[in-house]
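No value in this document is a laboratory result; all are computed from the given coordinates. A quick note: this is a predicted structure, and the numbers were derived from the prediction, not measured. Here Cβ is always computed from backbone atoms with ideal geometry, including for glycine, and neighbour counts include all displayed protein chains.
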Amino acid sequence: MRKTTSWIAGITVIAVVLATIVFLSAPANADSAAAEATYKAKCAGCHGPDGRGETATGKMMKVKDFSSEEVQKMSDADLFAAISSGKGKMPPYKTLSADQAKDLVAFIRAFEKKK
Ligand code: HEC
């Protein structure tokens, strides 16, 4: 009886550890972290680390504040198109995959809450 109980406890511990590993490596977490890294590397120079576009280049190019209503009322498709195909003085980012561009759209949406 005792032996069976500790055997079950052992299996339970292993199952919990495995479940935790799977949970922590879930794509949702990885993607937003990747989007943040991409944003910092490729976008923050113009759009600013906080999305407000208050960098020297951002001011020169008159980029819009990502947390503004003007940008937030644009559709996901419009934001996606600006990222993958470019818009005005913004260069197209053809090296980004569709998934990466989608994650960046979600990242830009999150600026609204940080107002
Ligand atoms: C060289 C400066 C520059 C860089 C780098 C840049 N952008 Fe832009 N971006 C602009 C400009 C300028 C506009 C405004 C274009 C217009 O309205 O004519 C713009 C517009 C946008 C828009 C559409 C919303 C709006 O304000 O019209 C999105 C979305 C966007 N950028 C996302 C990004 C993302 C994501 C990256 C990084 C992958 C990035 N940008 C990198 C300059 C830049």
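Okay, here's what the table says:
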read-out	value
Per-pair calculated FRET efficiency, R0 = 41 Å: V13 and L96 via Cβ, rounded to 0.05	0.50
Computed E for A56/K87 - FRET, C-beta separation, R0 22 angstrom, nearest 0.05	0.65
